[in-house]
Amino acid sequence: PAADARHPPPKVQPFEAIPRSSRNAWLNLYQFWRNDSFQNFHYIMERNFRNLGPIYRETVGSHDSVNVMLPSDAAQLFQTEGIFPRRMGIDAWTAHRRLRNHRLGLFLLNGEEWRADRLVLNREVISPAGTRKFLPFLNTVAEDFAGFLHRQVRKNTRRLLTVDLYQDVFRFTLEASSYALYGERLGLLEDGSPSPENERFIQAVQTMLETTLPLLFVPPGLMRWVNHKVWHDHLASWDTIFTHADKCIQNIYQEHCLGEPRKYSGIMAELLLKAELSLDAIKANITELTAGGVDTTAIPLIFTLFELARNPQVQTALREEIKSATAQPRELSQVLNDMPLLKGAIKETLRLYPVGITVQRYPMRDVVLQNYCVPAGTLCQVGIYAMGRSPKVFEDPECYNPKRWLKKDDNAFKALAFGFGARQCIGRRLAEAEMMLFLLHVLRNFKIDTVSKADIKTVFGFILMPEKPPLLTFRPID
Ligand SMILES: C[C@@H](NS(C)(=O)=O)c1cncc(N2C(=O)c3ccc(Cl)cc3C2(C)C)c1
């Protein structure tokens, strides 16, 4: 009720009055651990919002969090993030870096150190000028992927292809992001078996992400005792990731020192040329961009293909838009800007399947959320998975409808899958361009179908992913 003369604004409630999801923090952690409900974290948050309302407090193990899900509360929270926005740290990751004496990358840095790296990296990774330079590289790989799919179909007598795209889409995102980062093709989309080294790298990223989850809630000192195998696997996968990135970096560094680079050859070469970051800082950040660029983009592509397969009318509308946007040869950034419906489809996928499921911040000053006073320094999480499926925020939330993003109505603070503000995902433009170009070439060449129209069950393995990959059928369009 709007406050006016007769109704004074309701008194702000104290922090202690915020509804709580459970009494006992450690029992909560034990129960989470026992029935492995980390992977249902997003469903548990959704249920808590349903039972407790749009704000609640939860304590899992040693950390206490205030969770909100409405755009207005997200807006309030982000306005208090200050100039050094801070997210929940990942102790297992920083423990590995310390153990191996590696410098931290953007994701794990905070304060001045974070800001110094971020401002330099923004120019090459997320700025419009930087994005325009690597767009052609992504387009080449997306075209090659369509060719790769045609070759797979021709192998099939029935001239259509029903595959588990999981591994193939992972190869696409690794091939594309590596080409943009290093200016080098890994050859993952050529026939014949890809090099075992690259397969091992892809597997290591998945293992690292999977073993991160159980370590998320364990205080750093305990983790190597609590579950030796998980910690050992975690370390081993990190070592594989760093070895791979180091090899790629050595190649570029060698060429950079030896010859004058003729033309743009990727983000890494630009960073070396500009020499505004130390080699250690470049290595730490390029490793994050390399490893962070695989699953995060592949999985939303798989969800998008599935949704387009079970919403054929949306698929047809997108194919029309792609046809008219590519009717005459133009600069790639103009083609991408001419496909609002395709951009809306990606927003729709990330609304229903946000890879990060929450966006976290520590407010720099006291903030009022849902009329409760939340003290500065309290961990606050925006439950974007719950927000994306809430009828309070989206009309017909279960309906996959990219058009909803074209309407002039107020979408402020509703598309938060890449986070917010100065600390938002630095890979955002790379991921968006990769996904749009992939879908452009696949939709131009194939009709996509799926047998099962049922919802896909999702699990949270540090990244939101399908419990079982959907089986999709690709029929070439002559
Ligand atoms: C899934 C989502 N979680 S989030 C950031 O919203 O909480 C996310 C979004 N963008 C990037 C990532 N990354 C990875 O996957 C990853 C792997 C290895 C390294 Cl060395 C660095 C990374 C980062 C953090 C870049 C993760």
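Of note:
- Criterion: part of a helix (DSSP H, G or I), at pLDDT below 95 and not β-branched (Val, Ile, Thr) - qualifying residue of ALA146, ALA204, ALA180: ALA204
- Among the residues of segment 326-381, those identified as under 22 Å from GLY53 (Cα atoms) and assigned to a helix (DSSP H, G or I) are ARG351, LEU352.
- Conditions (1) surrounded by fewer than 20 Cβ atoms within 10 Å (Cβ to Cβ); (2) more than 30 Å from GLU398 (Cα to Cα); (3) polar (S, T, N, Q); number of the one not met by ASN285: (1)
- Odd one out for VAL218, checked against (1) assigned to a helix (DSSP H, G or I); (2) surrounded by 13 or more Cβ atoms within 10 Å (Cβ to Cβ); (3) more than 16 Å from the ligand (Cβ to nearest atom): (1)
- Criterion violated by HIS234 - all others in (1) in a helix (DSSP H, G or I); (2) within 14 Å of ILE90 (Cα to Cα); (3) away from the ligand (no atom under 14 Å from the Cβ) satisfied: (3)
- Condition check for THR287: under 18 Å from ILE202 (Cα atoms), within 16 Å of the ligand (Cβ to nearest atom) and out of contact with any helix residue (DSSP H, G or I) (no Cβ under 7 Å at 6 or more places or on another chain): no
- Highlighted here would be strands (runs of 3 or more DSSP E) found entirely within segment 398-478 that include at least 3 residues which are farther than 25 Å from VAL359 by Cβ and within 14 Å of the ligand (Cβ to nearest atom), but there are none.
- Residue within segment 311-326 that is in contact with a Phe, Trp or Tyr (Cβ under 8 Å, 6 or more places away or on another chain) and free of Cβ contacts under 8 Å to residues at least 60 places away in the same chain present: no
- Test: residue in segment 46-64 that is surrounded by fewer than 17 Cβ atoms within 10 Å (Cβ to Cβ) and within 16 Å of the ligand (Cβ to nearest atom): yes
- Yes/no for THR358 being within 16 Å of the ligand (Cβ to nearest atom), crowded, with 16+ Cβ neighbours inside 10 Å, more than 22 Å from ARG47 (Cβ to Cβ) and not hydrophobic (A, V, I, L, M, F, W, C): no
- Residue in segment 268-280 that is more than 16 Å from the ligand (Cβ to nearest atom), more than 21 Å from LEU121 (Cα to Cα), free of Cβ contacts under 8 Å to residues at least 12 places away in the same chain and not acidic (Asp, Glu) present: no
- Count - residues of segment 82-102 that are more than 12 Å from the ligand (Cβ to nearest atom), part of a loop (DSSP other than H, G, I, E, B) and surrounded by fewer than 19 Cβ atoms within 10 Å (Cβ to Cβ): 5
- Taking the criterion of being of a type outside the set (A, V, I, L, M) and either in a helix (DSSP H, G or I) or closer than 21 Å to LEU305 by Cβ (or both), the only residue of segment 183-196 that qualifies is PRO196.
- Residue in segment 302-311 that is buried (at least 21 other Cβ atoms within 10 Å of the Cβ), within 16 Å of the ligand (Cβ to nearest atom) and closer than 30 Å to GLU113 by Cβ present: no
- Pairs with Cβ under 6 Å, 6+ apart, first in segment 368-381 and more than 14 Å from GLU16 (Cα to Cα), second of a type in the set (Val, Ile, Thr) and outside any strand (DSSP E or B): GLN381/THR358
The values are calculated or read from the model by the stated rules, or taken from the named source; none is laboratory data. Note that the structure is predicted; figures quoted are calculated from it, not measured. Cβ: placed from backbone, ideal geometry, glycine included. Neighbour counts: every protein chain shown.
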